[in-house]
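Trainee: I am attaching a structure below and will ask some questions about it afterwards.
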Amino acid sequence: MLIFYILFFLVILFLLSYFLKILDLIGSIFAFVLGFLVTYFGSFYFLILLIVFVSVSFLATKYKHSKKEKFVDFENTRSWISVVSKGIIPLIVVLMPFNFMDKAILFSVAVAAATSDTISGEIGILSDNAFYITNLKKAKPGENGAVSLLGEFWAFFGSFIIAIFALAFFGIDIIQFVFIIIFGFLGSQFDSIFGYIFENRGKIKKYTVNILAIGISIILAYLIML
């Protein structure tokens, strides 16, 4: 019976994501599968965190979207590649043999990193005062490795939002709450660093950068938790 309710809820989310053009058709299918696996092997609260991520990212994407359309990498409706690049690390965390609390914290970090990176990029691209994260030289908004004070604020805020929900769902303490914020925020910084070093040189694509950035933030978080 529980499986039926999960599937029913996910079907509704699938229809909303597709018809609201949050994701394209294939992206919506991938999100459906990801949502089921995360809920079945993790918790319904894990799915809620992903919904919060998607919702916040959708709002950030729509914010002044006409102005952002001039940027080459602007995405209005996201594809399956975007779902995989932001969702594969959280899924791996769920499938790992951690105890529930460790799994909840690491999953929250992964989603916080994805949220932090996504909304900082979507809103930070509107800043006229961007600079490269590695050498602080002036950069054009939207360039790989470019950050801004506006983007950094929203990067922190995105991580903070996920930490708030983790606090409500998992009963974490204040140290764990701050832990999620810090490592979620770091995920966004790693994305900018890897984008500048590797993506600008054509070594890897931006979706690979996403996976690496979230993955590194999880590895570091796990090592600190040992």
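Trainee: Quick one: net charge around I92, please, counting Lys, Arg +1 and Asp, Glu -1 for every other residue with C-beta under 13 Å from its C-beta.
Mentor: After counting each charged neighbour, the total is +2.
Trainee: If you don't mind, there's one more thing I want to ask. Eigenvalues of the Cα gyration tensor times 5, then square-rooted: what semi-axes does that give for the chain, in whole angstrom, largest first?
Mentor: After diagonalising the Cα gyration tensor, the semi-axes are 27, 21, 15 Å.
Trainee: Return the long-range amide H neighbours of A130 (sequence gap of 5 or more, or a different chain), with a cut-off of under 5 Å between placed amide H atoms.
Mentor: Under 5 Å from the amide H of A130: A139.
Trainee: Counting heavy atoms of the protein chains only and a 1.4 Å probe, report the per residue accessible area for segment 1-68 as a whole number of Å². Walk me through the numbers before you get to the answer.
Mentor: Working: 3980 Å² over 68 residues.
Accessible surface, normalised per residue, equals 59 Å².
Trainee: While we're here: Would you tally the net charge around I133, using a Cβ to Cβ cut-off of less than 13 Å, leaving I133 out, and scoring K and R as +1, D and E as -1?
Mentor: Local charge sum for I133: -3.
Trainee: Ignoring ligands, DNA and RNA, what percent of the accessible area of the chain is carbon or sulfur (1.4 Å)?
Mentor: On the chain, the fraction of accessible area on carbon and sulfur atoms equals 72 percent.
Trainee: Let me ask something else. So what's segment 1-71 giving for Cα Rg divided by 2.2 N^0.38 Å, two decimals?
Mentor: Ratio of Cα Rg to 2.2 N^0.38 Å: 1.23.
Trainee: Grab the Cα-Cα distance for F153 and A168, subtract it from 0.36 nm times how many residues apart they are, and report the gain in nm with one decimal.
Mentor: Contour length minus the Cα-Cα distance gives 3.1 nm.
Trainee: Whats the longest run of the chain with zero trypsin sites (Lys or Arg not before Pro) that are DSSP loop and have at most 16 other Cβ atoms within 10 Å?
Mentor: 71-136
Trainee: I've got another one for you. What does the net charge come to around G42 if you take all other residues with beta carbon closer than 15 Å to its beta carbon, with K and R at +1 and D and E at -1?
Mentor: For residues surrounding G42, the net value is 0.
Trainee: Over segment 98-218, average the accessible area per residue using a 1.4 Å probe and give it in Å², no decimals.
Mentor: Result: 44 Å² of accessible area for each residue.
Trainee: So what's the gap between the Cα centers of segment 1-65 and segment 76-113, to the nearest angstrom?
Mentor: Between the Cα centres of segment 1-65 and segment 76-113 lies a distance of 13 Å.
Trainee: Averaging sequence separations of C-alpha pairs under 8 Å and six or more residues apart, then dividing by the length of the chain, give the relative contact order as a whole percent.
Mentor: In percent, rounded to a whole number, it is 20.
Trainee: In deg cm²/dmol, rounded to 500, what helix-only [θ] at 222 nm does the chain give when every DSSP H run of at least 4 residues adds -39500 (n - 2.57) and the total is split over its residues?
Mentor: The per-residue figure over the chain is -24500 deg cm²/dmol.
Trainee: What lysines could a cross-link reach from K64, if we take a straight Cα to Cα line under 19 Å and drop same-chain neighbours fewer than 8 places away?
Mentor: Qualifying lysines at Cα under 19 Å: K21, K140.
The values are calculated or read from the model by the stated rules, or taken from the named source; none is laboratory data. In this text the structure is predicted, and so the values were computed from the model without any measurement. Virtual Cβ from ideal backbone geometry, glycine too; neighbours counted across all protein chains shown. In case anyone asks, the SASA skips ligands and DNA or RNA and just uses the protein heavy atoms, side chains included. Shrake-Rupley method; radii C 1.70, N 1.55, O 1.52, S 1.80 Å.
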